[in-house]
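Here is the structure we will look at, set down as structure tokens.
The numbers here are math on the coordinates, done by the rules we state, and not lab data. Here the structure is a predicted model, which is why all the values come from computation and not from measurement. Here the Cβ positions follow ideal geometry from the backbone for every residue, glycine too, while neighbour counts run over all protein chains shown.
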Amino acid sequence: MLILGLESATAQVGCAIGGHEGVLASSHSSRGKRHAENLTPAIRFVCEQARVELSDISCVAVDHGPGLFTGLRVGVASGKAIAQALRVPMIAVSSLDLLAFPLRFANRRVAAVVDARRGEVFWAFYRPVPGGLQRTSEPTVGSPEELAAELLALPGETLLCGDGAVRYADRFDRPDVEVAGGDQAHPSARSLVQLAHAKALREDWVRPHEIELLYLRKPDAEINWSTREGA
Amino acid sequence: MILPPAPTSTTPVAVDAHTKILGIETSCDETAAAVVVGGSVVRSSVVSSQVDIHARFGGVVPEIASRAHVDLLTPVIAEALVESGLDGPDLDAVAATYGPGLVGSLLVGVSTAKALALVWDVPFVAVNHLEAHLYAALLEDPSLELPLVVLLVSGGHTMLVAMEHHGRYRLLGSTLDDAAGEAFDKVARYLGLGYPGGPAIDRIAMEGDPDAIAFPRAMQNDGLDFSFSGLKTAVINHVRKHPEASTADVAASFQEAVVDVLVTKARRAARQIGAKGLVLGGGVAANSQLRERFLSACVEDGVHGFLPSRDMCTDNAAMVASAAWYRLGADGPSGLDCGADPNLRLPLLTD
């Protein structure tokens, strides 16, 4: 079974192909807002590198958020189109799960933190369990100060990852909190393929039109509307 | 160095009467897909309008539009393919509007079209939305001969374009401030007629007297450019001074002023370049009064006038697929590194 993974939730855009044998090929770029420009050529490149025809793909995985709205839609729209054309199922994985996944051997609590812009971050907590990580909180949006307050209330050490953790590192400057920078700043398409593979083995997939994006924030107009209506 | 988002054209691809193109349109608040054969035979054209979603906000909300496109596009494409009786691999190209429009919305269509082209191993064609509107008329009446003058009037644009050859246009005139459709929306909102403003004013104007109030006709005797912001202000001032004025009369008189200017300038443009045909395009072209006055002017002037059907005037994907047929034959496919260009202009000839 071959899985094509498309990841575009943050400033980085990535694509990977893999399956039982692990990740066969991947490509990531993070040079400015060029998700749509870079993603389609990357898919072709990764297929060539993996020596795979697109028609050999049996499942398309996408990062469905939370993250940059426009970036997310580029990846999800591309993924839905490919799955629709190939008539294969899809798997959606959260950007926060993807960020936490590479830290599964850290033996500490992990908090995945994605920059939500406008002074806010998306986050979720994970705890180490045999064979991986388990998410212990629902993905949420709030200020870095709100997250810092939650960290303060938690016993033991926490490892933070993601571009939100890096951007607001000064707010989380505590002895029992560490921020993993560098490689762990963006969710990767390699993690996506690996996590999607585990889901695919359980046939935990959906049809393209059933994919739902995890925005966690309403469009401004709707927020203004409900404020005005007193709802 | 930042590369421009413009599509990289390669060599022309031979197109003929059997070339089947899937077109995708997501530049504003319509999610549309269509299959057109040979540039003019519409095998299917599906449009899913988001008007109801945006109505309570009194205008298109970009983030809401983008969210709707990503949910609606897959089923809309599926329906267009089923209606056309064709399957993906039967197609010869996939086209999408890449500008002008709302960038988040455009990117959904462009990303989808590029991915489909990649899977089906066919060319991708990036289409200019304005150029697609110019082709809407040719799509329905292939007997139209060039040169043509197209009066393109929508919520975002008001322009007179000379179409001398395929892919070569000359801008004869355009609005200096508000687009005509924008004026309709703003006046409708002021009069409390709701959104979208065009159809609302069209409806209530039927019960009013178009000569009740003499609103200004800006620049009517002067060149081919337009200006509608003064008219909008004049309507607001009139209603403030005469709160008892009948809304139907105000709407009818306002509409009459817009139509007067549009028709006068379109005739002048056609005379000026010796056009063989005069056609109407864009969302405002669905206005009943404009359609009526436009056609009688063409008959009077002895020009081949053509009114696209209302479905073809508003945003749709058949016109995108049709324009793509001409583009593919003239310039070839676009690169898969194509992005969206929200401020894209018509490719104009300069003297």
- Report, for the protein assembly as shown, the % of DSSP beta bridges that are antiparallel, rounded to 5. 60
- Query: Which one of A:198, A:95, A:156 has its Cα pushed farthest toward the positive end of the charge dipole of the range A:56-209, where Lys and Arg give +1 and Asp and Glu give -1 at the Cβ?
  - Reply: A:198
- Item | Charge sum, other residues only, whose C-beta stays under 14 Å from residue A:63's C-beta, Lys/Arg counted +1 and Asp/Glu -1 | 0
- In the P(r) worked out for chain B, what percent of Cα pairs fall beyond 30 Å? 36
- Item | Two-site label geometry, residue B:229 and residue B:311: point separation in nm, points 7 Å out along Cα→Cβ | 3.8
- Task: Would you list which aspartates and glutamates come within 12 Å of residue B:265, measuring only between C-alpha atoms, while excluding same-chain residues fewer than 8 positions from it?
- Result: B:222, B:225
- Note on the structure: Computed for the protein assembly as shown: size of charge dipole around the Cα centre, +1 on C-beta of each Lys and Arg, -1 on C-beta of each Asp and Glu, debye to nearest 20, value 660
- Task: Go ahead and run the numbers for FRET between residue A:1 and residue B:165, Cβ-Cβ distance against an R0 of 51 Å, rounding to 0.05.
- Result: 0.45
- Could you line up B:309, A:188 from fewest to most neighbouring Cβ atoms inside 10 Å? B:309, A:188
- Query: Taking other Cβ within 10 Å of each residue's Cβ, how do B:148, A:103, A:98, B:295 sort, fewest first?
  - Reply: B:295, A:103, B:148, A:98
- Item | With at most 15 other Cβ atoms within 10 Å, longest stretch of chain B clear of loop GluC sites (Glu not before Pro) (DSSP) | B:1-144
- Message: Can you give me the C-alpha center-to-center distance between the range A:12-34 and the range A:84-129, rounded to a whole angstrom?
- Response: 16
- Query: Helix B:318-330: angle to the longest alpha-carbon principal axis of chain B, degrees 0 to 90, nearest 10?
  - Reply: 60
- Candidate aspartates and glutamates - alpha carbon under 20 Å from residue A:218, same-chain residues fewer than 8 apart omitted: A:63, A:115, A:120, A:138, A:146, A:210, A:229, B:29, B:52, B:63, B:71
- Message: Which residue fluctuates most in the GNM of chain A (Cα springs below 10 Å): A:119, A:71, A:19?
- Response: A:119
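Please figure out what share of the DSSP beta bridges in the range B:144-312 is antiparallel and state it in percent, rounded to the nearest 5.
Here the antiparallel bridges make up roughly 55 percent for the range B:144-312.
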- Message: My understanding is that a pair violates if its Cα-Cα distance is over 24 Å; which of B:20/B:276; A:33/A:80; A:33/B:114; A:80/A:199; A:33/B:186; A:33/B:20 do that in this structure?
- Response: B:20/B:276; A:33/B:186; A:33/B:20
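In the range A:1-70, which trypsin sites (Lys or Arg not before Pro) fall in coil by DSSP and have 12 or fewer other Cβ atoms within 10 Å?
A:31, A:51
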- Message: Taking the beta-carbon count within 10 Å as an exposure proxy, list A:152, B:160 from fewest neighbours to most.
- Response: A:152, B:160
- Note on the structure: Computed over chain B: longest principal axis from alpha-carbon atoms vs helix B:180-190 long axis, angle to nearest 10 degrees, is 50
- Task: Quantify how strongly other chains surround peptide B:56-63 by giving the mean number of their Cβ atoms within 10 Å of each of its Cβ atoms.
- Result: 4
- In terms of the charge dipole of chain B, which places +1 on Lys and Arg and -1 on Asp and Glu at the beta carbon, the residue among B:47, B:158, B:101 farthest towards the positive end is B:158
- Message: Using only Cα atoms and rounding to the nearest 10 degrees, what angle (0 to 90) does helix A:144-153 make with the longest principal axis of chain A?
- Response: 70
- chain A: antiparallel bridges as % of DSSP beta bridges, rounded to 5, reads 65
